[in-house]
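Worksheet: the structure to be examined is printed underneath.
The values are calculated or read from the model by the stated rules, or taken from the named source; none is laboratory data. Model, not experiment: these values are computed from the prediction. Reconstructed Cβ throughout: ideal geometry from the backbone, glycine too, with neighbour counts over all protein chains shown. Side chains are part of the model used for accessible areas, which takes the heavy atoms of the whole protein and leaves out ligands, DNA and RNA. Shrake-Rupley method; radii C 1.70, N 1.55, O 1.52, S 1.80 Å.
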Amino acid sequence: MIQKLAVGLTTRSTLLSILIVWISNIWVAHSGLIVHATQIGESVPPIPAVATIIIIVAINPFLRLLNPSFALSRPEIIVIYTVVAISISMSSVGMVRYFLPVLTAPFYYATSENEFSFFSQYLPSWMVVDDQKAIIGAYEGIGNNASVPWFAWITPLTFWTFLFVSIFWTMLCIVVIFRKQWIDQERLVFPVARFGIEIIGNDYTPNEGLASSSLTNRRSFFGNPYMWIGFSLAFLYNFMNIIHAFYPSIPGPGTRIDLSHHFTDRPWSAIRPITFQFRPAVFGLAYLMPLDINFSVWFLYFLLKIESILASASGYNLPSFPYVHDQSSGSFLALVVAFCWVSKKHLRNVIINAFSKKVIEDKEEPLSFRFAFWGFIGGVTFICVWCTLAGMTLTTTLIYFGLIFSFAIVYTKIRAEAGAPMIWLFPYGEHKHIMINAFGSAAFTPNGSYQNLSVWASLTFLSRGYFPSFMAYQLESLKHSDDVKINRRIIPFVIMLALIIGLVGAYWMHLTTYYEYGANILEGGQGLKGGTRGAALIRHEYNLMKGYQLSKSEPNLIRTSAVGFGFIFTTLLGFLRRSFLQFPLHPLGFAMVTAYGDPLWGPFLVAWILKVFITRIGGIGLYRQLTPCFLGITLGHFFTAGIVWGILASIGSGIFRGYGVWFG
């Protein structure tokens, strides 16, 4: 029972959050959009959030010396961290940057040959920008002193913001419903959340009330020699790469080792591509993960490669075999069913609470279960109404967003239980592919009209971007609230506040940058009509529709079967783990490796070897003693490749692309 609850959401924490988000947006614009050397907003947690708590922890003792009331309390630090982490993620590559071209690209890139105008005619005026001058200015720029034509943007941004708020709110209601099961009952380890708490300090004395963090605990982390050993290793690795970027004659370790050239002859060539990637942050947090998940990821990665070799040796040369992302989609669907089954008693009680008298106490929950349940229903209803008014069919909307929320639930569980700091660790872009492959494109053109597909194409960025992953930040903020004894009822306000601040900041940052420089030359664009990745994404969707128009896409039984295989195999792994306590393969490992296995298998393999060796030699005591070393590796990478390199890149030029750091 929490004996004394702190507030955290104060006037100064709110104002500081807004100020830090504003500064961070300028930082993100220069480092990731203009110079395009590193994406500091796609790391987990985002680099600006890590920098924020480091700076606050560093200056708090001096503020306390001036006046104890000047120092920020731990609850206030957590609130600021949560707001910055969620808000600045909106400004990164996978959210607003993917979204804004949806409002303009179908018109800017339209030609008589590609017939984009045929599809864009189905988009209602409130969804898009219809001022041609404003559209051209966003892509080609109008100079330093020109202002953004906000009048042309305000209507579509307002309507889309309503949709984003409803999606985010629906996710929050799902998180509240699962919170008790995952945090209180299963007691998941939350490696990413633990990383932040270790920096801040994890002690608390109830008699302190709103007192700031204890200096004693903070010294136990930053004064730990093992932490500094790990920090130094990550610093040295990045420093050598930075020197190499400026002076190519000086060798650097690079970011990966390409192993593909060792496998040139059939059937071994089927293993390609295969690279060992240096991911210090992934490696550092992998040490905190359960050993069976470490093992499952690298073992199943090689099992999939062996599967490709055997298929090649047998004469099967199917393109994209073994359809890893399709298998991952099936795995995620199986896991969401499994999570609901394991939580069936709790979910049943939540539903009973929503319709009748309480059977489970929810006074200490972030929202009452009744409010969360009906909030979920209300959020889904609003999404359906919004999409129906836009022109999508109700069936398409329900299936599409059902997949988005399902994948978000599994990704959130992966972050909570395994903690891999990868924002793209889900089958991104597969939500729509599952539906097209299962039913064919004709099923989504009722009466031969392309209105449903055209509006759906405008929503594809929700699947290809990382909006679904924001649910993990919501759950981690609730975990943080327990760690620093914040009243859980405060956190929903913090989360929704972070969304609004993030969206407003992201709109401002991107549009001011677009109209100053022109989107065509930003984010690596190569001049005339190069454009950002978001523009390329919506153009790709329209080209697909052009293909559907010329030739109806039939159901793809092979890829749909791969989804089914992933579902069945994951279910089998879950059954074997429940039947045999020592069964070494974890279903989450299969979901992770099929979703985004290339960056994971190398760090997970090394972390598994070291963890086995350490526990065999020194047991759990040595494992805990060395934990700060691996957290130091993560911190050192974020500090050097994220904070230091991100600051240098933001004030530098194109030469900084010589060492591109991509955290996602």
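Is there a residue being charged (D, E, K, R), within 26 Å of F164 (Cα to Cα), open to solvent by less than 40 Å² (accessible area, probe 1.4 Å) and modelled with pLDDT of 90 or more anywhere in the range 316-329?
The answer is no; no qualifying residue exists.
Does E417 qualify as being without any contact (Cβ under 8 Å) to a residue 60 or more places away in the chain and open to solvent by 10 Å² or more (accessible area, probe 1.4 Å)? In short, no.
Run down I34, I23 and say which single residue is open to solvent by 10 Å² or more (accessible area, probe 1.4 Å) and at pLDDT 95 or above. When all the criteria are applied, what remains is I23.
Say whether the condition of being over 25 Å from L403 (Cα atoms), over 13 Å from the mean Cα position of the chain (by Cα), in contact (Cβ under 8 Å) with a residue 60 or more places away in the chain and in a helix (DSSP H, G or I) is met by at least one residue in the range 454-462. The answer is no; no qualifying residue exists.
In the range 88-110, which residues are under 24 Å from P149 (Cβ atoms) and assigned to a loop (DSSP other than H, G, I, E, B)? Passing the criteria: S91, M95, T104, Y109, A110. Within the range 437-468, the set of residues being among the aliphatic types (A, V, I, L, M) and surrounded by 20 or more Cβ atoms within 10 Å (Cβ to Cβ) comprises L453, V455, A457, L459, L462.
It is to be established whether one or more residues within the range 277-293 are open to solvent by 50 Å² or more (accessible area, probe 1.4 Å), polar (S, T, N, Q) and within 30 Å of Y623 (Cβ to Cβ). No: zero hits. Of everything listed in (1) over 23 Å from the mean Cα position of the chain (by Cα); (2) outside any loop (DSSP other than H, G, I, E, B); (3) among the hydroxyl-bearing types (S, T, Y), the single unmet condition for T82 is (1). The set of residues from the range 189-203 being crowded, with 20+ Cβ neighbours inside 10 Å and more than 23 Å from P61 (Cα to Cα) comprises F190, P191, V192, A193. Taken as a whole, the range 263-272 holds no residue that is open to solvent by 60 Å² or more (accessible area, probe 1.4 Å), at pLDDT below 90 and touching a strand residue (DSSP E or B) at 6+ places or on another chain (Cβ under 9 Å).
The set of residues in the range 352-373 that are loosely packed, with under 15 Cβ neighbours inside 10 Å and either more than 21 Å from S481 (Cβ to Cβ) or within 27 Å of the chain's Cα centre (by Cα) (or both) comprises F355, S356, K357, K358, V359. Could you run through the range 338-359 and say how many residues are without any contact (Cβ under 8 Å) to a residue 40 or more places away in the chain and either touching a helix residue (DSSP H, G or I) at 6+ places or on another chain (Cβ under 7 Å) or under 30 Å from L310 (Cβ atoms) (or both)? The qualifying residues number 5. Here F302 clears all of (1) surrounded by fewer than 20 Cβ atoms within 10 Å (Cβ to Cβ); (2) part of a loop (DSSP other than H, G, I, E, B); (3) under 29 Å from the mean Cα position of the chain (by Cα) except the condition numbered (2). Residues in the range 389-438 that are under 20 Å from G566 (Cβ atoms) and touching a Gly at 6+ places or on another chain (Cβ under 7 Å): M422, W424.
A quick yes/no check of all residues on (1) of a type in the set (D, E); (2) surrounded by fewer than 17 Cβ atoms within 10 Å (Cβ to Cβ); (3) more than 27 Å from the chain's Cα centre (by Cα):
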| site | (1), (2), (3) |
| --- | --- |
| G547 | no, yes, yes |
| L550 | no, yes, yes |
| F565 | no, yes, no |
| L572 | no, yes, yes |
| R578 | no, yes, yes |
| Q582 | no, yes, yes |
| H586 | no, no, no |
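Between F118, F159, the distinction of being over 20 Å from T532 (Cβ atoms), under 27 Å from the mean Cα position of the chain (by Cα) and assigned to a helix (DSSP H, G or I) belongs to F159 only. When L522, L503 are checked against the criterion of being open to solvent by less than 10 Å² (accessible area, probe 1.4 Å), over 25 Å from M171 (Cβ atoms) and of a type in the set (A, V, I, L, M, F, W, C), a single residue qualifies: L522. Residue-level check: of (1) under 24 Å from G448 (Cα atoms); (2) outside any loop (DSSP other than H, G, I, E, B); (3) open to solvent by 30 Å² or more (accessible area, probe 1.4 Å); (4) not charged (D, E, K, R), I136 misses just (1). Only a single item in (1) open to solvent by less than 10 Å² (accessible area, probe 1.4 Å); (2) under 28 Å from Q121 (Cα atoms); (3) under 23 Å from the mean Cα position of the chain (by Cα) is not met by R533, and it is number (1).
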